[in-house]
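Engineer: Got a structure for you, questions after.
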Amino acid sequence: MSAIRGVRERARAEITAAIKDEARRQLAEEGAARLSLRAVARELGMVSSALYRYFPSRDDLLTALIVDAYDAIGAAAERALAAADRDGPVARWRAVCRAARQWALAHPHEYALIYGSPVPGYSAPRTTVAPASRVGLALITVVRDARAAGVLRESAAGAAVSPAVAEDADRLMEQLGLDLPAPVTTALVAAWAELFGLIGFEVFGQFNRLVEAREEFFDHAVIRLAEAVGLTD
């Protein structure tokens, strides 16, 4: 009986992967707003009712693709962080940022799904929050380790922030079970947003005819971000 269950599970996993692959192809050609379960089923030679057993709605399929994309870029960042374990704080920070950029350039349509324009009518569930946090957590790890080693220049993050901003920062640290000063946390959130702004500008073409030395420009920019949160080698 267990052997039959194993065959069924493998078959389900293979069909699920095929559905996602076809959906990604349609994302690249049509965009997320035009993703259709019926179109996916048609291209796979399935009846719509069969596909609904795997993904009950378009939003369920979108959520699966979003989680996969967040997990993929997060895994790339985490691998880079692990590979740079013996490097200094700025080098580790840069490694994480480079990994996120490289993944985005290699997967522009999936990057657009998670960091591009919102899909009309779609509201991401909380199951996307943890995968979406992975790159940010990798950056936080660099800062946390630098502080633990006594090499974080906390003054670089600036003076005390307003009470409202400090409340947001403290709540975030409490949720993560960490203890970073509010100015450092605020600088980290800003750096995280600026990182994806840099990547998005490149992926979506805003740097065309403006920045030619893009890799060098990116490295320069993310080192400035590292300095802004208090990192130094």
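Engineer: Using a 1.4 Å probe, how large is the accessible area of Asp59, given in Å² and rounded to the nearest 10?
Structural biologist: Rounded to the nearest 10, that gives 50 Å².
Engineer: May I pose another question? I'm spelling it out carefully: the read-out is percent of Cα pairs over 23 Å apart, the candidates are [x] 56; [y] 48; [z] 52, and one was derived from this structure. Which label?
Structural biologist: [x]
Engineer: Near Ala39, within a Cβ-to-Cβ distance under 12 Å, what is the net charge of the other residues, with Lys and Arg +1 and Asp and Glu -1?
Structural biologist: Overall, the nearby charge balance is +1.
Engineer: Same structure again: Run the 1.4 Å probe and let me know the accessible area of Leu35, rounded to the nearest 10 Å².
Structural biologist: Rounded to the nearest 10, that gives 10 Å².
Engineer: Continuing with this model, one more query. What ranking of Leu81, Leu172 comes out by heavy-atom accessible area, probe 1.4 Å, highest first?
Structural biologist: Leu172, Leu81
Engineer: For the range 144-200, with every protein chain kept in place, what is the accessible area per residue (1.4 Å probe, Å²)?
Structural biologist: The answer is 55 Å² per residue.
Engineer: Using the Cβ atoms and a cut-off under 13 Å, what net charge is assigned to the surroundings of Arg144, where Lys and Arg are +1 and Asp and Glu are -1?
Structural biologist: Neighbourhood net charge equals -1.
Engineer: Here is a further query. Any idea what the relative contact order of the range 82-196 is, in percent, if you count C-alpha pairs under 8 Å spaced at least 6 apart?
Structural biologist: After rounding, I find 25 percent.
Engineer: Around Leu172, with a cut-off of 14 angstrom between Cβ atoms, what is the net charge of the other residues, counting Lys and Arg +1 and Asp and Glu -1?
Structural biologist: Summing Lys and Arg as +1 and Asp and Glu as -1 gives -3.
The values are calculated or read from the model by the stated rules, or taken from the named source; none is laboratory data. Since this is a predicted model, take the numbers as computed values, not measurements. Positions of Cβ are generated from backbone atoms using ideal geometry, with glycine treated the same way; all protein chains shown enter the neighbour counts. Side chains are part of the model used for accessible areas, which takes the heavy atoms of the whole protein and leaves out ligands, DNA and RNA. Shrake-Rupley method; radii C 1.70, N 1.55, O 1.52, S 1.80 Å.
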